């Protein structure tokens, strides 16, 4: 299967911060895995995600994503890697309100030449993804601003999946949904990931979701930064 | 990228349209001023051609030019018929047009001259005057009208005409015992010729000789030492236009006339005097152009303000684009494209408005102000101005683009609301 994310002795601190926010000795996520990363707010979840997504840079040799040492890639190369291989779903407000659902999905290839190449017919592909995620055909041409929050998150998921990236990072994508929509959303997301052999890193502070995932990682277990602070 | 910028702008269409409008109007103003400047200068330089010297009594060159060519202001001094005779006999003089000013028809200046005026006067690139209707005056009581005078006063060939003493619109001493008759109407020239009434020198002499008792004193005085072969039609002239056999003679002849002993005279070369006068006016025109440029700057600053203000509410949009792999440079160029899109649309709208205005209002402008503005294609100067607006917009757009670039790096994927 291969490795998707490999963390080796990652230590990250924000410039000017007195102590590291993240000290993770080891973390490995295989390709195709569906992993739940759980952590309280302020535990460094978002920072870890932005390192994996390559928005911020980890120190060299400590973080590999899809075989690339992100610490050695330039900003531009990290942006390209994210564009081509990583789908990102936010908690909320994923979409550009002035584009319709389908346009929001195809927007994924705007900065991603590799994704563009993998897709023969962008509109058709977007339609099928939206259908797969349970958006009614009539809603695909509606402006994103006119969709419900649940529908918006489905469109966001479709966009993340567009052009078959290797990794999907979902940062609390269900926190704005009620329990029923939440479970349904996770189910369709699972199905779509399985169909595309996509790795899913699902981040939440919600304990109730753990049973649905094959593997759950507690950030507090792997991140030693806080404990070290406490001991000192 | 442009498509995305376009969609994003459409989303903020209220402020985008206002920005475009501001740029369009300022472009319109700038181009309008430039066009007025250019065409006024062209019209100005075209008012007289082929005349090598203008001679009048001792006065300033601008005053002589204004009164003899533009019929603006009045000359306090006149030159005598004797001096005119002297001028006509100077070697190298090919033709000469005497002019006596001072009367008016409903505010339009009356120029008393000879039929030589119609033979030798040139304007533009050497165009001669042409009649639209009728004939050049031949009788003493006939008048030939400029196109504008005829149009404004609604005069036709054969209509009677009453001259008034003085140049004002209202005169208490109308020469109504001596009505003139319109013999012909000139074609439009776009020069002050359009706004003048031309009569025979002898017609004027008759008029003044019989009507004005003040002139009778002159009669005696002039008769006293009149050495011309026959009595002159008038005793004083306002100006004389002179054409020479060879242009290079002008400089020497100017000196000769300026130092004429019997009467203090002023001779000017119209080309030089026009340039000199234009330089004075150009200052005013340049001030106008500077104001227009400042208005453009205001329009562009408005755009800058709008773009900077929009950045705050668009952090969400930027974070989404960053998540999709847009690098900071993509964000940067997105902002630049937006600014350029706004400017290009604004400038095009401005140009469109200019042409629309000129096509619809050009005739109105001509009849009301006598200003001839054509919807002619953009000149190279105007292209330079448009390019300057775009360049200024490009430079200004770097500011919000740089801000967005910095935000993109700092915010990353976190959405700060």
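No lab work stands behind these numbers, since they all come straight from the coordinates. Only a predicted model underlies this, so the values are computations on that prediction, with no experimental measurement involved. FYI the Cβ positions are ideal-geometry reconstructions off the backbone, even for glycines, and counts take in every protein chain you see.
Each pair of Cα atoms in chain A enters the Kirkwood radius, and Stokes-Einstein at 37 °C and 0.692 mPa s then converts it into a translational diffusion coefficient of 181 µm²/s. Looking only at the stretch B:264-294, which residues have a backbone nitrogen under 18 Å from a spot 7 Å from the Cα of residue B:247 in the C-beta direction? Taking a point 7 Å out along Cα→Cβ of residue B:247, the residues of the stretch B:264-294 whose backbone N falls under 18 Å are B:268-276. Using C-alpha pairs below 8 Å separated by at least 6 residues, the relative contact order for chain B is 26 percent. Placing a label point 7 Å from the Cα of residue B:291 along the Cα-to-Cβ direction, the residues of the stretch B:17-34 whose backbone N falls under 17 Å from that point are B:25-34.
Helix B:13-45 and the longest principal axis of the C-alpha atoms of chain B enclose an angle of approximately 20°. Using the Cα coordinates of the protein assembly as shown, the gyration tensor eigenvalues translate into equivalent-ellipsoid semi-axes of 90, 24, 18 Å, sorted from longest to shortest. Evaluate the Debye formula for chain B with equal point scatterers sitting on the alpha carbons, no solvent, and hand back log10 of I(q)/I(0) at q = 0.06, 0.11, 0.13 Å⁻¹, in q order, two decimals. Calculated log10 I(q)/I(0) at the listed q: -0.41, -0.85, -1.06. Each DSSP beta bridge with both residues in the protein assembly as shown is either parallel or antiparallel, and the antiparallel ones are about 65%. The label-point distance for residue A:26 and residue A:128, in a model that sets each label 7 Å from Cα toward Cβ, rounds to 4.1 nm. Calculated FRET efficiency, residue B:162 to residue B:119, Cβ-Cβ distance, R0 = 35 Å: about 0.80 to the nearest 0.05. By the beta-carbon count within 10 Å of each Cβ, the least crowded to most crowded order of B:373, A:209, fewest first, is A:209, B:373. The Stokes-Einstein estimate for the stretch B:1-152, based on a Kirkwood radius over Cα pairs and taken at 4 °C with 1.567 mPa s viscosity, is a diffusion coefficient of 65 µm²/s. Counting other beta carbons within 10 Å of each residue's own, what order do B:133, B:3, A:45 fall into, fewest first? Placing the least packed residue first, the sequence is B:3, B:133, A:45. Compared with the dominant Cα axis of chain B, that is its longest principal axis, helix B:249-258 is turned about 60°. Relative to the longest principal axis of the C-alpha atoms of chain A, give the angle of the C-alpha long axis of helix A:179-196, reported between 0 and 90° and rounded to the nearest 10°. Approximately 90 degrees, to the nearest ten. Taking every C-alpha pair closer than 8 Å and separated by at least 6 residues, the mean separation divided by the residue count of chain A gives a relative contact order of 28 percent. Note on residue B:301 and residue A:120: the model spin-label points, each 7 Å out from Cα along the C-beta direction, lie 5.8 nm apart.
For the stretch B:269-405, the relative contact order is 39 percent, taking Cα pairs closer than 8 Å that sit 6 or more residues apart in sequence and dividing their mean separation by the residue count. Each label was represented as a point 7 Å from its Cα along the Cα-to-Cβ direction; for residue B:139 and residue A:19 these points are 11.8 nm apart. Please give the length that would be gained between residue B:3 and residue B:18 if that part of the chain were fully extended, namely 0.36 nm times their separation in residues minus their C-alpha to C-alpha distance (nm, one decimal). Contour length minus the Cα-Cα distance gives 3.4 nm.
One Cα centroid belongs to the stretch B:35-75, the other to the stretch A:158-177; the line between them spans 78 Å.
Here the scattering of the stretch B:248-346 is modelled by Debye summation over its C-alpha atoms, one equal scatterer each and no solvent; at q = 0.14 Å⁻¹ the log10 of I(q)/I(0) is -0.75.
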